[in-house]
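Following: one structure in structure tokens, then a few remarks.
The values are calculated or read from the model by the stated rules, or taken from the named source; none is laboratory data. As the structure is a prediction and not an experimental result, all values here were calculated from the model. Please note: Cβ atoms are built from the backbone with ideal geometry, for glycine as well, and neighbour counts cover all protein chains shown.
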Amino acid sequence: MTDATSQEPKPMLGKLGKASTAYSAGILATANFASMVLRLLGGIIVARFIVPEELGTFNGILLVVVYAGFLQAGVTNGLNRELPYLIGKGDRPRAEGLAACSMAWALSCSGIAGAAALGWAAWQAVQGDWKMAWGWVAVTIALAGAFPRQYLESTMRSGAEFVRLGVAHLLGGIAGFALLVLVWKLGFFGLGLRLMVVTVLELGILWRWRVLRVWPRLNKQELWHLLKIGLPIFVVSYTYSAWRSLDSAFIVNSLGRAQLGLYQIAVLTVSAGASVSLALSQVVYPRMSQRYGQTGDARAALRIAYRPMALLGILAIPAVVAGWFLLPPFVRWVLPKYVAGIPAARWALATVYLLCFNSSLNIYNVIRKQVVFACLIAASAGAFLAAVPWRLAHETDPLVAYVQAMVVGTGVYVIAGNLVALRLTRRRSPGVATVAAEKA
């Protein structure tokens with residue numbers, strides 16, 4: 001097994017619940033929301049400093065970072081599930097071994113992706129296109145930092161670590177906003193320099209606060225285990241993302257780019273509102289896995305999500321009502337060109353409320369039922385597709401119709417997902433059979 005230093009912090013390998021779920025989720029959600037606002041404002045300011053052609057070129061290059069994520073092939077997803085599960089079982093050596101293997105894999109992915117991007121940057125320089133070359137140099141740094149960052153974030157699973165993770169995100173957002181001065185002074189080259197500085201800063205903060213101080217070690221058996229656990233989670237998560245983007249795909253194809261631009265108010269409403277439920281999900285997931293590792297009782301793991309979800313559902317009611325009335329004057333004041341997107345954004349609040357109850361659906365990853373989860377996502381997408389022509393026939397505003405169809409699909413996802421989860425966990429009682437299945 002890998003070596004650990006004597007200075008290794010203890011909370012990660014102890015009990016995850018020292019800080020309350022509500023407190024951890026609240027801090028993480030607040031930090032993430034503030035960071036998102038800063039990045040949104042930064043994006044608006046960047047659009048003032050950079051001509052559309054240059055901004056489009058830079059953002060097009062950045063897409064490589066998104067697609068390169070496929071290189072990790074679910075190894076990080078496997079660590080997300082296995083680390084708290086093994087902590088619950090009290091198997092510290094195995095947890096350290098998997099973490100070391102995941103770190104080695106992350107560094108390997110960074111090396112491969114970064115070397116390819118740097119080679120392409122060199123080729124652009126040889127061709128004399130210095131802007132493209134600089135853009136690819138910036139992406140090289142972004143790629144080199146992306147995979148280690150995913151690894152470090154996956155090891156931050158306790159209440160205290162979630163607070164640190166939120167602070168790291170917030171500091172990155174503040175730094176990115178402050179470094180807009182580089183874009184102002186240097187234009188396209190400032191965009192690349194800003195990206196590199198923020199990447200290095202966030203990675204440095206996470207490295208300083210890292211939880212497991214292990215050396216990278218690539219072990220074939222442990223890598224295969226992480227792939228076996230994580231690849232199905234990885235595939236299903238991308239399937240979910242594809243479903244959640246169906247509305248935008250339909251709108252741009254049937255209504256055009258201008259209508260898609262107006263629809264972004266609804267998209268931003270869901271992103272901002274769902275940041276709280278996403279933070280809750282991030283906090284609940286490892287605690288569910290740890291409980292399952294401790295007891296082998298899937299129902300006990302599922303119950304962990306109920307109380308915080310109920311609390312969030314109660315608190316979200318006045319927030320959604322307030323959003324319904326405050327959205328119109330806010331959009332008219334800040335984004336007057338997007339007023340036509342207000343009705344769709346108001347209906348998007350229904351999706352935000354439904355997503356308050358999706359943290360419990362992490363149970364599908366905890367008990368490794370990704371096939372069932374994929375079927376649930378397919379059913380939800382089917383409900384959306386069936387609702388689109390129905391709502392278009394009864395709604396004068398097509399953007400509202402698409403949002404309402406997403407509400408239907410989200411409702412199927414949340415309600416059916418929780419009902420099926422109850423059914424599955426009732427069948428998986430603790431005992432020798434459960435332990436044997438986990439070892440298989």
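Quick notes on this one:
- Counted residues, segment 97-130 - those being of a type in the set (S, T, N, Q), at pLDDT 85 or above and touching a helix residue (DSSP H, G or I) at 6+ places or on another chain (Cβ under 8 Å): 2
- Residue in segment 153-164 that is surrounded by 22 or more Cβ atoms within 10 Å (Cβ to Cβ), more than 26 Å from ALA34 (Cβ to Cβ) and not aliphatic (A, V, I, L, M) present: no
- Hey, LEU165 assigned to a helix (DSSP H, G or I), at pLDDT 85 or above and assigned by TED's automatic domain parsing to the domain that holds PHE70 or not: no
- GLY114 being surrounded by 21 or more Cβ atoms within 10 Å (Cβ to Cβ), without any contact (Cβ under 8 Å) to a residue 60 or more places away in the chain and not in a loop (DSSP other than H, G, I, E, B): no
- Among the criteria (1) surrounded by fewer than 18 Cβ atoms within 10 Å (Cβ to Cβ); (2) modelled with pLDDT of 85 or more; (3) among the hydrophobic types (A, V, I, L, M, F, W, C), the one VAL198 does not fulfil is (1).
- The number of residues in segment 272-304 that are closer than 22 Å to THR76 by Cβ and touching a helix residue (DSSP H, G or I) at 6+ places or on another chain (Cβ under 7 Å) comes to 19.
- Note on segment 336-399: enclosed helices (runs of 4 or more DSSP H) holding 3 or more residues that are surrounded by fewer than 17 Cβ atoms within 10 Å (Cβ to Cβ) are 370-394.
- Among residues of segment 232-261 that are under 29 Å from ARG81 (Cβ atoms), those with a beta-carbon under 9 Å from a residue that is outside any helix (DSSP H, G or I) at least six positions away or on a different chain give the pairs PRO232/GLY74; PRO232/ARG368; ILE233/GLY74; ILE233/ARG368; PHE234/ALA73; PHE234/GLY74; VAL235/GLY74; SER237/GLY74.
- Annotation note: of ARG210, ARG244, the sole residue that is under 25 Å from PHE373 (Cα atoms) and not aromatic (Phe, Trp, Tyr) is ARG244.
- Check on ALA95, more than 21 Å from PHE49 (Cβ to Cβ), in contact with a Gly (Cβ under 9 Å, 6 or more places away or on another chain) and either aliphatic (A, V, I, L, M) or in contact (Cβ under 8 Å) with a residue 12 or more places away in the chain (or both): no
- Hey, TYR238 assigned by TED's automatic domain parsing to the domain that holds VAL371, of a type in the set (Phe, Trp, Tyr), within 24 Å of CYS375 (Cα to Cα) and assigned to a helix (DSSP H, G or I) or not: no
- Qualifying residue in segment 281-300 (condition: among the small types (Gly, Ala, Ser), under 30 Å from VAL331 (Cβ atoms), crowded, with 22+ Cβ neighbours inside 10 Å and within 22 Å of the chain's Cα centre (by Cα)): no
- Of all residues in segment 72-96 being of a type in the set (Lys, Arg) and closer than 13 Å to SER289 by Cα, the one that is modelled with the lowest pLDDT: LYS89
- Just one residue in the set VAL276, VAL183, VAL198 is closer than 30 Å to ALA350 by Cα, in a helix (DSSP H, G or I) and either out of contact with any Cys (no Cβ under 6 Å at 6 or more places or on another chain) or not aliphatic (A, V, I, L, M) (or both); that residue is VAL276.
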